[in-house]
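Have a look at the structure below, then the notes.
The values are calculated or read from the model by the stated rules, or taken from the named source; none is laboratory data. No experiment lies behind these values; they were computed from the predicted model shown. Here the Cβ is made from the backbone with ideal geometry for all residues, glycine too, and neighbour counts use every protein chain on show.
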C-alpha cells in the first residue's frame, strides 16, 4: 500500500530523471488550500483536535477549530481527518547544502581556512542539489540553518527552505547570524596509542580571548571612524551591534559560558544564542537572567563523563526547560542523521518533557533561537505556510509518516531517490 | 685536576680483597680486607628474625657472622651501633638501571606502513621480538641512578633492557660503583616480556590483542624451530628465546586487566610469569589471587586532583578519586589475600620518596613484616639467590642498611647503605641534636637564640618576645655553625656569624652590619619545649579512623559492591512479545527461575517468587547487538590477515558503555574486530554482566566468529601513502582466496604428519603451527563463522563466490548497505544480514544506502538484524528497529525480532536467547511502553535471571555516587590544604572505538 503510494507520488509529481537528481522543485502556491479535520499541533504548546488550517500565497490565513465554521469556497480542501498537522521542523546549526559525502574533500564546503571569518557566508555555497535535502523534508524538516564551521569566528549562516531551484530561491533568511566558537579553557589531547582523551588547562586561553577583544575593538573603531579603509572582515561584524545579525555563541563549559556571554554583552552584541550542552545546567540561572536561548546537540547521544547519569543527554531539554530556558535541539555529526531531529524531541518526552513542549524544541523555540520567529515556528495566521501532515505522532518512529509537506504554501515532493530505490528493488523481487 | 686525583684515590681505597687480579694496575697494590664488626645493633636478619644488641661481622664483601655471642677477631674495625638498626638492603626486581635509553618508534599520521623488520642481522621477523638482548651485555654502571636508589635503601636490583615484547635476559647487579665486573652478581638471571612495542617501527602489531597474538605465535615458532637440530634458517632471537625458557619469566603487564591477560597467555604455554602490576590489583583481588602469579607491585600512588572549584571537579572521574584513596591499600590487600609479591620503586617520579610511599602502604594495612619481606627475602627467592642477598645470613653479600630505628617509621633515617662490603654514607651516624635555647652574646649585645628541628633538620630563630621573632639563617654541622640575621627591622643588613661547637654551645667570630669584626658566644639555657604534638597525633588518628570508600564492581561510577544474584521473579500482567508462535500476549505473566524462563502464560503463580507488576508494561527478550565495539580495549590490528588476533583477549569489563547498554535493554552483543583489514580478528560474544570480570563477561560455549571486511576501509582509501596490500577490491578478493588456499595446504601438511606412525613421527619434524592458517581452516570447516563488513553489491557478490569456492557459507554480512540490491543472491547463499537502520552518504561507498534496506532483505527472506557499531545507537536498538516500520512498513513483531531473535540466529545463540520461551536464558527486558516507541524506557533488564539494570536502583546509585564524590572531594581538599602534591586537569577518558579505529593512528569517525 505504502509503496504504491510513493510510486503514484513519483508518477504524478514529476517525470523521473535518474539518480543524481533530486526531485524537481514545484511552483509557488497558486490557489488557497484548506487542511480539514486534522489534529493541529501549533508549536506553541497548543493543540486543536479537529482543526481547519488555511493558507494562501504562502501565508497562513486561518488556524482554528472546525467547530468555528469557515467558508470553504475557493479552497482546495484536503481532508486530513485522523492525521496530524505540524509546523515545519527547523534544523539549526547544520551543514545542510555545504557538506555532502564528508569523507570526500571535494564534496565538503563547510570549513574555510583561517580563524576569524565573519565575512564567510554559507548561503552562496548552499547546494540545492544536495541529496540530503529531500530526505530531511521526508521527515518533516522544512527549514535548516546552513552553517559554516571551524576557526574562532566560523562565518555567517543563513536559514534555508528545504526546496528551491537555486540558493536565492531557497533562502529563507539570508545572513541570519555569525557563529563564534569561544576559546576553550581546557585543551584536549587525544592519545591514539590508548584511545584516551586527556585534558589540560589551555595555556593560550587568555591570548585567544585577547585576540577576540582586539577584533571586536577594531570592529567598533571601524564603525565609528568617519573615514576608513574598507575592510570586509570588520564590516561583516556590524550587524551584531545593530541587531540585524544574531551571535551564535558556541561555549563548552560553565565558566566559558559565563565569560563568553559577559564578554559579548560588554561588547554590545544585541542578540545572543548559546550553543552548548550539559554545561548549561550549571549556569541555568545565569542564562535565564540574561534571557539567552540555548541550542543543544541531539538528545540521542551518550553522556560525556562516566559519572554522569546514563540518561543525562535524554533528560537535558526537560531539565533546562524546567529551569526556565528556551531550549531547542540540533544535530551534530554525520549529516545524514540530522533527519532524526523529530525523534530527538521524542526522546526528551520519554524523559520527562511534555509532548507539545518537546515539539517547541524543534519549531517555535528554534525559530526564536534563530531570530526568525516572526515568520515561522508556529501555526499562526500571518506566518509562513511551512507545515506538514503526518499519519501519526510525528515525534515517534511509527507515526512520522508524511503525506503532505508545504513550504511557503508550495506542496513539495516527498519521495526521493531512496523511495525510488525501494520501489525499484521491491518490484524486482516481486514483493508486494 | 685535584678532583680527579681525589676520585682515583677513592676508587683505589674501595678495592677489597677480591679485586680482579687480571686488571692492569697503575699504582702499587692496595688490597684490603674490608673487615668490620658492627656491635650493639638491633639486627634484622630477615622479616622473622631480629637480634637485639647483636654483632655483625663482614669481611671481603661477605657476611662472616651475625648474632649475640659473636667474638670479634683481631683485625676487624669495630663500629659501635648502640641504638641503631641493621637491615638487609632492599632489592628491586623491576628496574632498567644502567640500561641504554629506548626510544619509542612513532609513526606519523598517514605515513606508509613498515611491513618488514629493519633490525640488522639474522633476527626475528618482528622487530619487537628482542629475546636476543642480554641485559648484562648492555649494562653500564650509572652512578647517579645508583645514588638515587641507594638513598631509598636498595642494594641490589634486577635490570633489563625494556624494549619490545620479548626483551631478552635480565642481570642482577648491586648498586655499588666499583665496576661492572664486580657489581654483576648474576648474568642471565631472568627472561622478560611485556605488552609494549618499544622501539620497533614495524606496523604490526598495534593492539594488545596483536601483542598477545605475536607472543603466542613466537612461543609456537620457538617450539618448532627448537625441535630441529639443523635449524631451517638462522634466527638468533628465537635461539635466545628458547635458551632463556628455564629462567624465571618476568612479564611487565600493567593494570590488573593486563595482569590477567599476561597470566592467561602464560597458562597456554605452561609458563607462570612473575607479573609486574600497578597499584590497582586490589580492585580485582579475587582474580589476581586465582592467577597464582607472583606479583611485582609499585608504590607510585596517584596524586590528589585539585577539586577546589566545583565546576573543575566535574572533570575528575569517580574512579580516579576512589583509586586515589584506595591505591595505598593495594599491597596490604595483596598480603592479606596471600598473594606473593615484591615491591618496586618503578614508576616513581622525580621528587617522589620511595620509603615514604612504603610507609603510606603500611599505614593503609600492609604489615611491616610483609613490607620487609616484599623488599628483601621475596625478591631474593624469586631470583633463586636467597643465600646471597635479601637477608643477613652468614655467607650473604654484605649488603645492609644502618638506620636510626625501625625502617618503616616516619622519621627513621638511613645512615649508611653498605653494598658488597663498601659503605655509602647517606647521613652521619652520629649527629648532634642542638635543640634548645641559647644565650647569644655578640659584642656585649644579648639575644635569645632558639634551635629546633632536631638532629635531622635544625633551624634557628631569635626570640624577641612572646609574639615577635627574628628569623635566622643557620647552617649546622658537627663542628661548625654559620648564622646570619637582621638584628632589627631598620637595620641595613645582617649580622653574620661563623663559629665552632663548644661543650654547651658555640663560639666564634663574626661581622656586624657595618663590617666590624666581633667575637660571639652562644651558651645553652634549657631544652626547648615541644608544642602541639599531642594535637597533631589526635588529628592523625582521626584521619586514620575516617571511613574509606569501598571497592565496587566495576571500579567506577555506577559500579556496585554487591553483584546481582539469581532469584525467582514473576512478572505479572504485562504485554509479552514472545517472538514465538504465540506472538504478542496481552496481560500475560513470565516466570523466571534459576536464570531461565520457567513459564509464560496467564495467571501464573509461584511460591517464593518476587512479583513484579507489569501492568501497562511490555516484556521482550533482551536486545542482542550483532555488531558492537564497546567492552574492548582494542578493536583493530593491522596485518592484512589478522585472523590470529582475538577480541576475547582484550575484553574490557570496565567500559561505561556496558551499563549504558543495559539501560537500553541490551543483554548480549558480539564485539567485532574492526574493518582495517580484509581478514580481521576473532570476535568475543558477551553478555552485559556489569561488574563481572572480563572472562565472566563472555558467553560460555559460544560459537566462534570472525570479522571480515571489504571496501574503502580495507584498501586504505583514506591514506594516500599506504603501501599495504591490497589497494583495490580486486586485491581484496585475492587475500581471501590466498588465505583459504594456504589453509588447505596447511591442513594437508598436518594430515600427512599426523598419519605417520609414532616411530616415523619421532624421526620427522612436525610442521610449524600457524595461528593464521588454523583460523582460516576453522572457517572452511564451519567451526568459525564470518561476519563481514560490506557495503557495495559487487563485493558482497564476490565474497559469496569465494565462500562457494571453498564450500562454506558467509554467515552474516554486517552493515551490508547495498544488501537490498543482492538480497535474492544472499538468500540463495544462506547469508544473513546485520545492517544500520538509516545511515548513508557518510562516505563514497554508501551513497546508495537506503533506510528500506532491512525491509527489502527481510521481505526477501534474509535473516536480518539491525546493529549498532556505535555506542549511542547500541543503547536504543529497539528504536532503530522501529525505523523499519516507518521505512517500508515492516510489521512490529518482525521489527522487534531484528534486534532480538534474528541477531541470536545470526550468532547461533537462538537455542538459548532471542525469545520469551520456556527454557531459554532469562535475558529479559521490562519496558515502560511499546518497545518500538521512542517513549519506551527499559525499566528492568535481566540477564541470566539477575537484574542488572533497574530504574529505581539506578536512581539509588546516582545518590550514592553523589555522596561518595562529595566525601572524596572533601578529602582531596583536605590533602591539598595539608600540602600534598596535587594533579591539575581532569581525568583521562577512554573514547569510543569505531570500525576503523586503529590504536596509535589517527582515524576519522567512519564506519
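Within region B:236-263, can you find the residues that are buried (at least 21 other Cβ atoms within 10 Å of the Cβ), more than 22 Å from residue B:172 (Cα to Cα) and over 26 Å from the mean Cα position of the chain (by Cα)?
B:238
What number of residues within region B:26-64 are over 30 Å from residue B:366 (Cα atoms), within 43 Å of the chain's Cα centre (by Cα) and surrounded by fewer than 18 Cβ atoms within 10 Å (Cβ to Cβ)?
Residues that pass the stated criteria total 1.
Determine if region B:769-778 includes at least one residue that is within 14 Å of chain A (Cβ to nearest Cβ), on the phi < 0 side of the Ramachandran plot and in contact (Cβ under 8 Å) with a residue 12 or more places away in the chain.
no
To keep it simple, each residue is scored yes or no on (1) touching a residue at least 40 places away in the same chain (Cβ under 8 Å); (2) touching a helix residue (DSSP H, G or I) at 6+ places or on another chain (Cβ under 6 Å).
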position: B:194; (1), (2): yes, no
position: B:201; (1), (2): yes, no
position: B:213; (1), (2): yes, no
position: B:217; (1), (2): yes, yes
position: B:252; (1), (2): yes, no
position: B:267; (1), (2): no, no
position: B:275; (1), (2): no, yes
position: B:278; (1), (2): yes, no
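When you go through B:597, B:630, B:571 one by one, which is the residue that is crowded, with 22+ Cβ neighbours inside 10 Å and assigned to a loop (DSSP other than H, G, I, E, B)? Let's see the steps before the verdict.
Details: B:597 fails: assigned to a loop (DSSP other than H, G, I, E, B); B:571 fails: assigned to a loop (DSSP other than H, G, I, E, B).
That would be B:630, the only listed residue that is crowded, with 22+ Cβ neighbours inside 10 Å and assigned to a loop (DSSP other than H, G, I, E, B).
Look at region B:818-837 and say how many of its residues are within 14 Å of chain A (Cβ to nearest Cβ) and either surrounded by fewer than 19 Cβ atoms within 10 Å (Cβ to Cβ) or assigned to a loop (DSSP other than H, G, I, E, B) (or both).
Adding up the residues that qualify gives 8.
With the checklist (1) touching a strand residue (DSSP E or B) at 6+ places or on another chain (Cβ under 7 Å); (2) at the interface with chain A (Cβ under 8 Å from one of its Cβ atoms) in hand, flag the one item residue B:883 doesn't pass.
For residue B:883, the failing item is (1).
Run residue B:1004 past the list (1) at pLDDT 95 or above; (2) farther than 30 Å from residue B:549 by Cα; (3) surrounded by fewer than 16 Cβ atoms within 10 Å (Cβ to Cβ); (4) facing chain A (nearest Cβ under 10 Å) and report the number of the one that doesn't hold.
Single failed check for residue B:1004: (1).
Here are B:853, B:841: which of them is more than 28 Å from residue B:806 (Cα to Cα) and either within 8 Å of another protein chain (Cβ to nearest Cβ) or out of contact with any helix residue (DSSP H, G or I) (no Cβ under 8 Å at 6 or more places or on another chain) (or both)?
Working: B:853 fails: either within 8 Å of another protein chain (Cβ to nearest Cβ) or out of contact with any helix residue (DSSP H, G or I) (no Cβ under 8 Å at 6 or more places or on another chain) (or both).
The unique qualifying residue is B:841.
Quick one: how many residues across region B:312-348 are farther than 18 Å from residue B:300 by Cα, more than 14 Å from chain A (Cβ to nearest Cβ) and part of a loop (DSSP other than H, G, I, E, B)? Walk me through it before giving the result.
Keep residues of region B:312-348 that are farther than 18 Å from residue B:300 by Cα, which gives B:312-318, B:336-340.
Next cut, more than 14 Å from chain A (Cβ to nearest Cβ) only: B:336-340.
Keeping just the survivors that are part of a loop (DSSP other than H, G, I, E, B) gives B:337-340.
The qualifying residues number 4.
Residue B:417 passes all but one of (1) on the phi > 0 side of the Ramachandran plot; (2) touching a helix residue (DSSP H, G or I) at 6+ places or on another chain (Cβ under 7 Å); which number fails?
Of everything listed in (1) on the phi > 0 side of the Ramachandran plot; (2) touching a helix residue (DSSP H, G or I) at 6+ places or on another chain (Cβ under 7 Å), residue B:417 misses just condition (1).
Among the residues in region B:976-989, are any outside any loop (DSSP other than H, G, I, E, B), crowded, with 19+ Cβ neighbours inside 10 Å, away from every other protein chain (no Cβ under 14 Å) and in contact (Cβ under 8 Å) with a residue 12 or more places away in the chain?
No, because not a single residue in region B:976-989 is outside any loop (DSSP other than H, G, I, E, B), crowded, with 19+ Cβ neighbours inside 10 Å, away from every other protein chain (no Cβ under 14 Å) and in contact (Cβ under 8 Å) with a residue 12 or more places away in the chain.
Looking only at region A:290-305, filter to residues that are within 14 Å of another protein chain (Cβ to nearest Cβ) and at pLDDT 95 or above; which one of those is surrounded by the most Cβ atoms within 10 Å (Cβ to Cβ)? Outline the logic, then answer.
Keep residues of region A:290-305 that are within 14 Å of another protein chain (Cβ to nearest Cβ), which gives A:297-305.
Imposing the further condition that a residue be at pLDDT 95 or above reduces the set to A:297-303.
Values: A:297: 19, A:298: 20, A:299: 26, A:300: 22, A:301: 21, A:302: 20, A:303: 19.
That would be A:299.
Which of (1) closer than 29 Å to residue B:935 by Cα; (2) crowded, with 21+ Cβ neighbours inside 10 Å; (3) not assigned by TED's automatic domain parsing to the domain that holds residue A:63 is the odd one out, the single condition residue A:422 does not satisfy?
For residue A:422, the exception is condition (3).
Check residue B:345 against each of (1) modelled with pLDDT under 95; (2) in contact with a helix residue (DSSP H, G or I) (Cβ under 7 Å, 6 or more places away or on another chain) and name the one condition it does not meet.
The failed condition is (1).
Filter region A:86-144 down to residues that are away from chain B (no Cβ under 13 Å), out of contact with any strand residue (DSSP E or B) (no Cβ under 6 Å at 6 or more places or on another chain) and in a helix (DSSP H, G or I) and give me whichever is surrounded by the fewest Cβ atoms within 10 Å (Cβ to Cβ).
A:124
If you check A:325, A:319, which single one turns out to be away from chain B (no Cβ under 12 Å), surrounded by fewer than 24 Cβ atoms within 10 Å (Cβ to Cβ) and outside any helix (DSSP H, G or I)? Can you show your working first?
Working: A:319 fails: outside any helix (DSSP H, G or I).
Being away from chain B (no Cβ under 12 Å), surrounded by fewer than 24 Cβ atoms within 10 Å (Cβ to Cβ) and outside any helix (DSSP H, G or I) holds for just one of A:325, A:319, which is A:325.
Quickly run through region B:838-864 and pick out the residues that are more than 24 Å from residue A:333 (Cα to Cα) and not in a helix (DSSP H, G or I). Spell out how you get there, then give the answer.
Step one: filter region B:838-864 for residues more than 24 Å from residue A:333 (Cα to Cα), giving B:855-864.
Matches in region B:838-864: B:860, B:861, B:862, B:863, B:864.
For region B:122-130, state whether one or more residues are outside any loop (DSSP other than H, G, I, E, B), crowded, with 22+ Cβ neighbours inside 10 Å and at pLDDT 95 or above.
Taking region B:122-130 as the starting set, the residues that turn out to be outside any loop (DSSP other than H, G, I, E, B) are B:129.
Subsequent filtering for residues that are crowded, with 22+ Cβ neighbours inside 10 Å retains B:129.
Retained after the next criterion (residues that are at pLDDT 95 or above): B:129.
Yes, region B:122-130 has at least one match.
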